[in-house]
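Q: Once you've had a glance at the structure underneath, I'll fire off some questions.
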Amino acid sequence: MTTSDQGNATRSRILAAARDLFAERGYAAVSLADIAAAIGLTKTAVAYHFHPKDRLAAELVAPAADDLLALLGARFSGHREFLRALTAFAVRHRTVIRLLTEDVGGADSVPPGSPGEAIREVGRELFTRLAGPDPSPGTRVRAWAALGAVRTGVVKTMDMPAEVIEETLCAAAVAVFESR
């Protein structure tokens with residue numbers, strides 16, 4: 001194995017450990033030393049690849065961001081198809097969703113230009129995709145409730161296998177949105 005291959009393997013191990021620890025404890029509660037201990041490295045070795053810790057989070061978020069852009073750019077035949085695609089995305093990237101919604105974007109008031117503001121804007125775009133540009137009051141409530149069900153459903157079931165969550169969560173989100 002070349003030095004480059006070893007470095008890539010180490011980066012992959014660090015990312016996997018960080019993803020697991022962030023899912024278990026949340027971003028703020030995990031240090032570089034915690035990540036290092038989980039995979040038998042020193043904190044210095046982890047910091048060599050990812051310092052500051054924000055670089056680690058950014059690398060974990062990048063694939064989800066690409067998938068989210070694809071989701072927002074896709075055309076759907078209706079709300080069921082959209083909610084199925086959104087739920088599949090959310091389950092696939094639930095660690096990142098927890099990181100973004102609970103640890104980065106959880107505050108109601110966030111400064112302009114911050115990651116929290118960007119997260120809030122993505123939420124508004126998902127809402128518009130589901131509810132339409134000028135929804136009735138009832139549709140507004142149902143759309144926010146369905147989106148909240150997906151977000152909360154994936155974040156609060158981190159300990160469950162993805163295949164167990166996806167179908168049930170999608171059915172629940174559709175039921176909420178279609179309720180009267």
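The values are calculated or read from the model by the stated rules, or taken from the named source; none is laboratory data. Note that the coordinates shown come from a computational prediction; the quantities given were computed from them, not determined experimentally. Methodologically, a virtual Cβ is constructed for each residue, glycine included, from the backbone with ideal geometry; neighbour enumeration extends over all protein chains shown. Protein only, heavy atoms only, side chains kept; ligands, DNA and RNA dropped before computing areas. Shrake-Rupley method; radii C 1.70, N 1.55, O 1.52, S 1.80 Å.
Q: Go through the stretch 114-156 and report how many residues are of a type in the set (Ser, Thr, Tyr), open to solvent by 30 Å² or more (accessible area, probe 1.4 Å) and either over 22 Å from LEU69 (Cβ atoms) or touching a residue at least 60 places away in the same chain (Cβ under 8 Å) (or both).
A: So the first thing to find is which residues in the stretch 114-156 are of a type in the set (Ser, Thr, Tyr), and the list is 114, 128, 136, 139, 152.
From what is left, the residues that are open to solvent by 30 Å² or more (accessible area, probe 1.4 Å) are 128, 136, 152.
Among the residues that remain, those that are also either over 22 Å from LEU69 (Cβ atoms) or touching a residue at least 60 places away in the same chain (Cβ under 8 Å) (or both) are: 136, 152.
Adding up the residues that qualify gives 2.
Q: Can you tell me how many residues in the stretch 59-73 are open to solvent by less than 60 Å² (accessible area, probe 1.4 Å) and touching a residue at least 12 places away in the same chain (Cβ under 8 Å)? Spell out how you get there, then give the answer.
A: Of the stretch 59-73, the ones open to solvent by less than 60 Å² (accessible area, probe 1.4 Å) are 60-62, 64-65, 67-68, 71-72.
Now restrict to residues that are touching a residue at least 12 places away in the same chain (Cβ under 8 Å): 60-61, 64, 67-68, 71-72.
Of the residues in that region, 7 qualify.
Q: While we're here: Going by what's in this entry, would ILE39 be described as more than 19 Å from ILE97 (Cβ to Cβ) and under 23 Å from the mean Cα position of the chain (by Cα)? Before you say what the answer is, go through the steps one by one.
A: On the way: more than 19 Å from ILE97 (Cβ to Cβ): yes; under 23 Å from the mean Cα position of the chain (by Cα): no.
No, not satisfied.
Q: Being closer than 30 Å to ALA29 by Cβ, small (Gly, Ala, Ser) and modelled with pLDDT of 95 or more: is that true of ALA173 here? Spell out how you get there, then give the answer.
A: Working: closer than 30 Å to ALA29 by Cβ: yes; small (Gly, Ala, Ser): yes; modelled with pLDDT of 95 or more: yes.
Judged against the criteria, ALA173 is a match.
Q: List pairs: first residue in the stretch 75-97 and within 13 Å of PRO63 (Cβ to Cβ) and outside any helix (DSSP H, G or I), second residue open to solvent by less than 20 Å² (accessible area, probe 1.4 Å) and modelled with pLDDT under 95 anywhere in the structure, Cβ distance under 7 angstrom, at least six positions apart or on different chains.
A: Close Cβ pairs (under 7 Å, with a partner that is open to solvent by less than 20 Å² (accessible area, probe 1.4 Å) and modelled with pLDDT under 95) amount to HIS93/ALA64.
Q: Another question, if that's okay. Can you name the condition, by its number, that LEU56 falls short on among (1) over 30 Å from ALA146 (Cα atoms); (2) modelled with pLDDT of 90 or more; (3) open to solvent by less than 60 Å² (accessible area, probe 1.4 Å)?
A: In the conditions (1) over 30 Å from ALA146 (Cα atoms); (2) modelled with pLDDT of 90 or more; (3) open to solvent by less than 60 Å² (accessible area, probe 1.4 Å), LEU56 misses (2) alone.
Q: Residues in the stretch 157-180 that are outside any helix (DSSP H, G or I) and either exposed (fewer than 15 other Cβ atoms within 10 Å of the Cβ) or of a type outside the set (S, T, N, Q) (or both): how many?
A: Residues meeting the conditions: 6.
Q: Right, another one. From the residues in the stretch 11-33 that are part of a loop (DSSP other than H, G, I, E, B) and in contact with a Leu (Cβ under 6 Å, 6 or more places away or on another chain), which one is least open to solvent (accessible area, probe 1.4 Å)?
A: Filtering the stretch 11-33 for residues part of a loop (DSSP other than H, G, I, E, B) gives 26-31.
From what's left, in contact with a Leu (Cβ under 6 Å, 6 or more places away or on another chain): 27, 30.
Numbers: TYR27: 33, VAL30: 3 Å².
By that ranking, first place goes to VAL30.
Q: Condition first: among the small types (Gly, Ala, Ser) and farther than 21 Å from GLU167 by Cα. Now tell me which residues in the stretch 51-69 satisfy that. Working first, answer last.
A: Taking the stretch 51-69 as the starting set, the residues that turn out to be among the small types (Gly, Ala, Ser) are 57-58, 62, 64-65.
Scanning the stretch 51-69 gives ALA57, ALA58, ALA62, ALA65.
Q: Cβ-Cβ under 8 Å, sequence separation 6+ or interchain: first residue in the stretch 159-180 and closer than 29 Å to ARG19 by Cα and aliphatic (A, V, I, L, M), partner at pLDDT below 95 and open to solvent by 40 Å² or more (accessible area, probe 1.4 Å). Which pairs?
A: Between residues of the stretch 159-180 that are closer than 29 Å to ARG19 by Cα and aliphatic (A, V, I, L, M) and residues that are at pLDDT below 95 and open to solvent by 40 Å² or more (accessible area, probe 1.4 Å), the close pairs are ALA162/ARG92.
Q: Could you tell me which residue of the stretch 96-109 is farthest from GLY26 (Cα to Cα), considering only residues that are modelled with pLDDT under 70 and open to solvent by 30 Å² or more (accessible area, probe 1.4 Å)? Show your work before the answer.
A: Of the residues in the stretch 96-109, the ones modelled with pLDDT under 70 are 102-109.
Then drop every residue that is not open to solvent by 30 Å² or more (accessible area, probe 1.4 Å), which leaves 102-104, 106-109.
Working: GLU102: 8, ASP103: 7, VAL104: 10, GLY106: 12, ALA107: 15, ASP108: 18, SER109: 20 Å.
Only one residue fits best here, namely SER109.
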